[in-house]
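Presented below is the structure to which this report refers.
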């Protein structure tokens, strides 16, 4: 088999595996928890099927010059949508991983939003050049966004690997499995981007490795969603654990501070109902503060 035939075979296999993973997600009743992953796989399957259909038409007599604009915009639009959905998948995996620590989860959400906004801004800034046309600007922006998403994915995989024990997870956890598959796809995406920038030939050994990595990620997800997930362990952190301390600090970040009244307080600052409650409370406390009658007689 030639390199071109291998790539075509794996490309046709990819949407089938995407559909299988979506089916397994629905069967295991965790599609709601991995909603963005379902959307990503659906877009990938539909776009790949459409692109393969266009290539089939070209091979059966339809003019490639007529179909090329359709192929071009279908490829790059789906590529952009997949990049955005990949960001949301990373976001969802982070929320699932940090669920036992709500403080760090809240802090991580804030940081993740800023990183996502900065990533989009950097993608637009890097793609902008004085002589860039509309199409070149679009392709450069989408490529840079995909590269940024791939880097964030690898960072997430590294974080999950280091925090898997403190988070009560295991290597059989679906959170780790999805992160591992995303890491495979991210590595393949970075290699593809590097290959395109240095060589226009898409039918090389490296391209075969990239397609194999993508199919391996889909097979990994199929395995993780086929077998039952082990129950998440109870998290037992020592009092000196940095996870616990940072979680406690993050829990109070952004909360309204308390206030202490110093000096004399005018009754005008209280509502009538509050004044009535304080009057009744002081009336109840008054008998308790008075000495008993026997004490008065002894003192006399």
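The values are calculated or read from the model by the stated rules, or taken from the named source; none is laboratory data. Predicted model, so just to flag it, every value in this text is computed and none were measured. Cβ sites come from the backbone with ideal geometry, for glycine too, and all protein chains shown count toward neighbours.
Only one of 6, 21 is under 22 Å from the mean Cα position of the chain (by Cα) and touching a residue at least 60 places away in the same chain (Cβ under 8 Å). Can you tell me which? 21 is the lone residue from the list that is under 22 Å from the mean Cα position of the chain (by Cα) and touching a residue at least 60 places away in the same chain (Cβ under 8 Å).
You will find that of 141, 129, the residue that is at pLDDT below 80, part of a helix (DSSP H, G or I) and under 30 Å from residue 75 (Cα atoms) is 141 and no other. Out of (1) assigned to a loop (DSSP other than H, G, I, E, B); (2) touching a helix residue (DSSP H, G or I) at 6+ places or on another chain (Cβ under 7 Å); (3) at pLDDT 75 or above, the odd one out for residue 168 is which? The failed condition is (2). The one condition from (1) within 29 Å of residue 210 (Cβ to Cβ); (2) loosely packed, with under 14 Cβ neighbours inside 10 Å; (3) at pLDDT below 80; (4) touching a helix residue (DSSP H, G or I) at 6+ places or on another chain (Cβ under 9 Å) that residue 112 does not meet is (2).
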